[in-house]
Amino acid sequence: MVTTLCDAAVAVLTTAAPLEKVRLTRDYAAAWRDGRISEFGALVPPERPARPERPPLMLPRDMPKRGRGGSAQNRVALLHALAHIELNAIDLAWDIVCRFVGEGMPKGFTDDWVQVADDEARHFQMLEERLNQLGSGYGELPAHDGLWQAATTTAHDLAARLAVVPMVLEARGLDVTPETVRRLREFGDAESAALLQIIHDEEITHVAAGRRWFGHLCAKRGVDPVETWQDLVKRYFRGGLKKPFNVTSRQAADFGPEFYEPIAE
């Protein structure tokens, strides 16, 4: 029985079926907002979230190459990859809610990440519906199993988690999505383009939440946020920071170039 927010987080994390994960997330987020769930609790989240039998999960290097043309097949592959990212993002948000309760963060921190989980669930639902319209669905193609690595390598430190997940991985989404939106419009797929634009705009608030709480945590620990972020990224993110950056969207999230430009490749 779910009586605390950590109960809710673990219930989502241990649910394999994607649409059930979405339903639970949306229900629990609403319950937190209106006070039907008000206690934090203290359950330890699982090391890995439950996953459905499909899609098959592969190492990133073994994934088939996705075409960049405007064929229906290529657009389905793109939307499927994005749906997989959003599914992982649901779990990443619930994991941060539950795993770091001992940090003594303000309630606003929890409010933000419950909202992020709710947004990611809605994003997955939108992508799944669009895949269905194109004659496909989540699970019809393979997906890579590298996304949860960021959670595993930062499970010991909230600052590292905030530095890598919202401030690297989600910020990268801000960089690449506008060009994807442009290409989809060029291919005549206005529906998918509009969907990705909504996701991009809402992801700005997720990066902003990461930046805000990373700054709060650095102030609490008495360390410089820029230097600390750069150190944590060098230690815990293996992919390197790739140019070009969407400076406008990053600035909208209060994430200035003084953080990322000095260590970009």
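The values are calculated or read from the model by the stated rules, or taken from the named source; none is laboratory data. Quick caveat, the model's predicted, so the values are computed rather than measured. Ideal geometry is used to build each Cβ from the backbone, glycine not excepted, and the neighbour counts take in all protein chains shown. The area values use the complete protein model at the heavy-atom level, side chains included, leaving out ligands, DNA and RNA. Shrake-Rupley method; radii C 1.70, N 1.55, O 1.52, S 1.80 Å.
Odds and ends about this structure:
- Pair list, Cβ < 9 Å and 6+ apart or interchain, from region 234-263 residues that are on the phi > 0 side of the Ramachandran plot to residues that are of a type outside the set (A, V, I, L, M) and assigned to a helix (DSSP H, G or I): D254/R211; D254/R212; D254/G215
- Failed condition for C6, given (1) closer than 14 Å to D95 by Cβ; (2) open to solvent by 20 Å² or more (accessible area, probe 1.4 Å): (2)
- Filter pass, D201 being open to solvent by 50 Å² or more (accessible area, probe 1.4 Å), of a type outside the set (F, W, Y) and out of contact with any Gly (no Cβ under 7 Å at 6 or more places or on another chain): yes
- Some residue of region 130-140 being over 20 Å from R66 (Cβ atoms) and out of contact with any strand residue (DSSP E or B) (no Cβ under 8 Å at 6 or more places or on another chain): no
- Qualifying residue in region 247-255 (condition: surrounded by 15 or more Cβ atoms within 10 Å (Cβ to Cβ) and either in a loop (DSSP other than H, G, I, E, B) or modelled with pLDDT under 95 (or both)): yes
- Yes/no for A208 being in a helix (DSSP H, G or I) and touching a residue at least 24 places away in the same chain (Cβ under 8 Å): yes
- Region 20-45 - residue that is of a type in the set (A, V, I, L, M) and surrounded by 15 or more Cβ atoms within 10 Å (Cβ to Cβ) and, of those, farthest from C6 (Cα to Cα): V22
- Residues that are open to solvent by 30 Å² or more (accessible area, probe 1.4 Å) and assigned to a helix (DSSP H, G or I), drawn from region 132-151: N132, Q133, Q149
- Number of the condition not met by E170 [criteria: (1) charged (D, E, K, R); (2) assigned to a helix (DSSP H, G or I); (3) over 22 Å from F124 (Cβ atoms); (4) out of contact with any Phe, Trp or Tyr (no Cβ under 8 Å at 6 or more places or on another chain)]: (3)
- Residue match in region 66-80 (condition: within 16 Å of the chain's Cα centre (by Cα) and part of a helix (DSSP H, G or I)): yes
- Selection status of V12, modelled with pLDDT of 95 or more, in contact with a Lys or Arg (Cβ under 8 Å, 6 or more places away or on another chain) and under 16 Å from R99 (Cα atoms): yes
- Residue count for region 206-245 satisfying the condition of being open to solvent by 30 Å² or more (accessible area, probe 1.4 Å) and either among the basic types (K, R) or in contact with a Leu (Cβ under 7 Å, 6 or more places away or on another chain) (or both): 9.
- Complete set of residues in region 4-46 that are of a type in the set (G, A, S), touching a Leu at 6+ places or on another chain (Cβ under 9 Å) and not in a helix (DSSP H, G or I): S38, G41
- Scanning region 173-192 for residues that are among the acidic types (D, E), in a helix (DSSP H, G or I) and in contact (Cβ under 8 Å) with a residue 24 or more places away in the chain, we see that the one that is least open to solvent (accessible area, probe 1.4 Å) is D175.
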